[in-house]
Amino acid sequence: MRTSTTRSAAALVMAAILVGSTAGVATAAPAPHYSTCSAADLNGTLGQIDPGVGQRASFLTLTANQGASCTLSGYLLDPRFVDGNGALLPTRAEQEGAAAPPVTVGPGHAAELPLRWTGIPVADGDDPDAPAPAALEFSLDGVRGPVTVTWTGGHVFNGGHLMVGSVRG
């Protein structure tokens, strides 16, 4: 009788441990769903150029084509300037500021990325007679494939140095 009492007590303790261990477990909330799109679903434009003392600043605005919607986040990935023939030009990108929350672009909603660059020759090799970039190509979280935006910002000197902020709404 003593063995069965010990076993019963052990079973009750084990059951209490199992119930207690699951009682405090919270179920995980489902991960947020972010819709992705292809680069062809987006249009990008460089806004008004604000000149400073040697510096230029603008916002790169991304909008979705009719019927498309996607969630964008982070910074431009692997940005590169290209000339009119598609040849790569010197590009050195640097992230600036804290990352903002993801932004969904779709009907009536756009995303912006702040950009800054040097608009006057400041370094060895800066040639004001060389052609200015024709486009900026980049990747971005939430987008399949590289995005190409016509570059209307003129020359980017200092070895193609581009300061890039995070996507924001």
Of these, Pro114, Pro107, Pro128, which one is surrounded by fewer than 19 Cβ atoms within 10 Å (Cβ to Cβ) and in contact with a Pro (Cβ under 8 Å, 6 or more places away or on another chain)? Pro128
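To keep it simple, each residue is scored yes or no on (1) at pLDDT 95 or above; (2) loosely packed, with under 13 Cβ neighbours inside 10 Å; (3) closer than 24 Å to Trp117 by Cβ.
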residue	(1), (2), (3)
Ala31	no, yes, no
Val53	no, yes, yes
Ser58	yes, no, yes
Thr61	yes, no, yes
Tyr75	yes, no, yes
Arg80	yes, no, yes
Thr91	yes, no, yes
Output yes when any residue across region 151-158 is buried (at least 17 other Cβ atoms within 10 Å of the Cβ), under 27 Å from Asn65 (Cα atoms), in contact (Cβ under 8 Å) with a residue 12 or more places away in the chain and touching a helix residue (DSSP H, G or I) at 6+ places or on another chain (Cβ under 6 Å), and no when none is. no
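For region 147-169, which residues satisfy the criterion of being among the β-branched types (Val, Ile, Thr) and either part of a loop (DSSP other than H, G, I, E, B) or within 20 Å of Glu96 (Cβ to Cβ) (or both)?
Val147, Val149, Thr152, Val156, Val164, Val167
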Which ones in region 107-146 are more than 27 Å from Gly54 (Cβ to Cβ), outside any loop (DSSP other than H, G, I, E, B) and in contact with a Gly (Cβ under 9 Å, 6 or more places away or on another chain)? His109, Ala111, Ser139, Leu140, Asp141
Restricting to region 54-105, give me the number of residues that are without any contact (Cβ under 8 Å) to a residue 60 or more places away in the chain, at positive phi and touching a Leu at 6+ places or on another chain (Cβ under 9 Å). 0
Please determine, by comparing only the residues of region 65-97 that are outside any loop (DSSP other than H, G, I, E, B) and over 20 Å from Ala39 (Cα atoms), which one is nearest to the chain's Cα centre (by Cα). Gln95
Considering each residue of region 48-64, count those that are in a loop (DSSP other than H, G, I, E, B) and touching a strand residue (DSSP E or B) at 6+ places or on another chain (Cβ under 9 Å), and give that number. 4
Within region 127-169, the residues that are touching a His at 6+ places or on another chain (Cβ under 7 Å) and closer than 12 Å to Pro90 by Cα are Ala132
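The values are calculated or read from the model by the stated rules, or taken from the named source; none is laboratory data. The structure displayed is predicted, hence computed values, not measured ones. Virtual Cβ from ideal backbone geometry, glycine too; neighbours counted across all protein chains shown.
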